[in-house]
Each structure stands twice: as C-alpha cells, then as structure tokens.
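Nothing in this text is a laboratory measurement; each read-out follows from the coordinates by a stated rule. The structure presented is a predicted model; accordingly, all values stated were derived computationally and were not measured. Using ideal geometry, Cβ is built from the backbone for each residue, glycine included, and neighbour counts are taken over all protein chains shown.
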Amino acid sequence: MKLSTKHLLGIKDLTKEDIQLILSTAEQFKEVLQRPVKKVPSLRDVTIVNLFYENSTRTRMSFELAERRLSADVLNFTASSSSAAKGETLLDTVNNILSMKVDMVVMRHSASGAPHFLAKHIPAAIVNAGDGINEHPTQALLDAFSMREKLGKLEGLKVAIIGDIMHSRVALSNMYLLRKMGAEILVVGPPTLIPKYISEALGVRVTYNLQEALKWCDVANVLRIQLERQNQPLFSSLREYNLAYGIKRKMLENLGKEIVIMHPGPINRGVELDSDVADGPYSIILNQVENGVAVRMAALYLLAGRES
C-alpha cells in the first residue's frame, strides 16, 4: 500500500486509510527499535535535510534519530547559524540545498503555510514538523499511536484536549486526526484561549470546566501555555491558570476511574501539570517520546515511496 499524498503537510490532507497505514507501519518499526541492532537499510541512498527555522529539541532529535535508524543521509540546518540570518529567502535556501540532490525536506517554521509554499515550488517530498499555529502532523500521529497502544482503539475514545487551544498546532492536528478515526473530542481551557468558531468549524465540544472534562474523558492530552505566541496577556497569571486548569494528583485519584495523561512537551511543571502527575502512573508522556521515533520512521519510509 502507498500513501495518497506525496507530502506530509497536515492531517487535514490525509485520508483515514493513510493514517491507518502510517500507524500500522509504525508498529513494525517499533519492533525494529526493540532489537539489539536498531538500524535498517530502508532509506539507504536517500538524503534528508532537517530545515528548522524555529527552536526545537524533541522534534528535531526525534526526526534525526528516525532518519539515521533508516540509514538515510542526514543534513541539519538551523536558521540562526545559516545564511537565512543574513537575509536569504526561504526559497533561495531550499533551492541551494536541493542543488545538493536532497530527496526530502523536514521543515519547522514559525509562519503558518511555509511547508505548503515549499511543496508548490520544489520537487522534494516535504514533511511538516510544525508550521506556526497551523499543524504538527507527526505529533498527532504519535499521539494517536500512543493512545491506541495504551487503550487498544481510537474509535469511540473520549479525548479531552486541555490548555492553550488557540495557539496550538498540536491541538489542531489532533482534532483533525481523532475526528477522522471516530473519537469524541472535548476542548478545555480559559475562554480567552479557545477560538470562538471551534465548535462549529471542527465539530468538537467545548467546556471551560476542567473537573467536568476529567470526569468525562478516557484521555487528557494536556498542552503547554505558549506565552511566546501571545501578543497580550490572555489570563491573569500562571498561578491563577494552575489553580483553574492545572492537573494535580489528588484530582485524578478522586475521579473514581483511571484516565491517561499525555503531553507533547516541553512541560511547564507546576503550571499545566504538577510533577507527580507528569511522572506518575497515569502518564504516558515518555511513551509518546519513544513512539515518536517509530511513527516518524514510518512516515519517512512511506513518503520515500517505499511500499508497506
């Protein structure tokens, strides 16, 4: 089987079959990662450039590890230490890289739509590693993989997405994916951090009450407050936010049921999650990190035209 698309620009562009194919391929790669020799020759002679115009630790390392596990040739580009800092345009940068015969570009950019712009202008396959406040497709895929691994299914799951919905590309990609796969979604946060149109536009329910959301859900996917994307204060203080929307261990113990806690990282400890929740028995945050490598291996492998 093959993907229906040449690029991975967003979950919005994927079919349900594409998502299922990536997740099932990731299962095979996760098995590879448990072996003593974790490397396979699947992408030997494929050259991939990691083009990061925004700071990233987890995503960049995860992609690089996935690429090296597949035996691809890897180039790393960071804008702050490149000619982009001297004013070179995005298209010029990429054309220069492509002249080195690059096959795939993994790109993170602060401008929404930057990977889509590239996909229209260059022949290489583009993977969106996060664009502005638009999408972060591989994060949603690894979140879905982690939920399915833990709970055995996606269809019918009740998933609460909690926190800074307005500025989160992770939230948007998760909403697209979970709806396609038949899960129910409830978004939770202060009214100032939830877009007004979201219920009608994306078919999700909205609540401003954290306790109500935790009682309802099977999975709580908790988001970081993105102060760097907020042009003005949208709540009174981090302490006030923690009092209203921070998840505490006692809160979970009083639910009378077990729920799964997820977070895309980095965590603001003591703001959206207390440490004993992030590191506690309800959390699968480190599983998400581990699964990210397998899911990115699967996406790269399939985009390179290797059939599953």
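Ranked by the mean number of other Cβ atoms within 10 Å of their residues, highest first, the peptides 119-125, 17-23, 194-200 come out as 17-23, 119-125, 194-200.
The angle between the Cα long axis of helix 16-33 and the longest principal axis of the Cα atoms of the chain comes to about 80 degrees, rounded to the nearest 10. DSSP beta bridges confined to the stretch 137-288 are antiparallel in about 0 percent of cases. Amide H contacts of Val206 (H built 1.01 Å from N, in plane; Pro and chain starts excluded): Val187 sit under 5 Å, all sequence-distant by 5 or more or on other chains.
Close amide H partners of Leu75, meaning residues 5 or more places away or on another chain with modelled amide H under 5 Å apart, are Ile48, Val49, Asn50. Here the spin labels are modelled as points 7 Å beyond Cα on the Cα-Cβ line, and at Arg179 and Glu155 they lie 1.9 nm apart. Residues in the stretch 283-291 carry Karplus couplings, in order, of 7, 10, 4, 6, 5, 4, 4, 4, 5 Hz; the curve used is 6.51 cos²θ - 1.76 cosθ + 1.60 with θ = phi - 60°, and Gly or Pro positions show x. Here the calculated FRET efficiency for Asn254 and Gln20, from their Cβ-Cβ distance with R0 = 45 Å, stands at 0.75, rounded to the nearest 0.05.
Between the Cα long axis of helix 58-69 and the first principal axis of the chain there is an angle of about 40°, rounded to the nearest 10. Sorting 135-144, 161-170, 273-282 by average packing, meaning the other beta carbons within 10 Å per residue, from highest down gives 135-144, 161-170, 273-282.
The string of couplings for the stretch 193-210 from the Karplus curve (6.51, -1.76, 1.60, θ = phi - 60°) is 10, 10, x, 5, 7, 4, 5, 6, 6, 10, x, 10, 8, 10, 9, 10, 10, 5 Hz, one whole number per residue in order, with x for Gly and Pro. Scanning residues 5 or more positions from Ser283 or on other chains, those with amide H under 5 Å from its amide H are Ile261, with H placed 1.01 Å from N in the peptide plane. Of all DSSP bridge pairs formed entirely within the chain, close to 5 percent run antiparallel. Compared with the dominant principal axis of the Cα atoms in the chain, helix 137-151 is inclined by about 50°. Between Ile122 and Glu290, full extension at 0.36 nm per residue minus the direct alpha carbon distance yields a gain of 57.3 nm.
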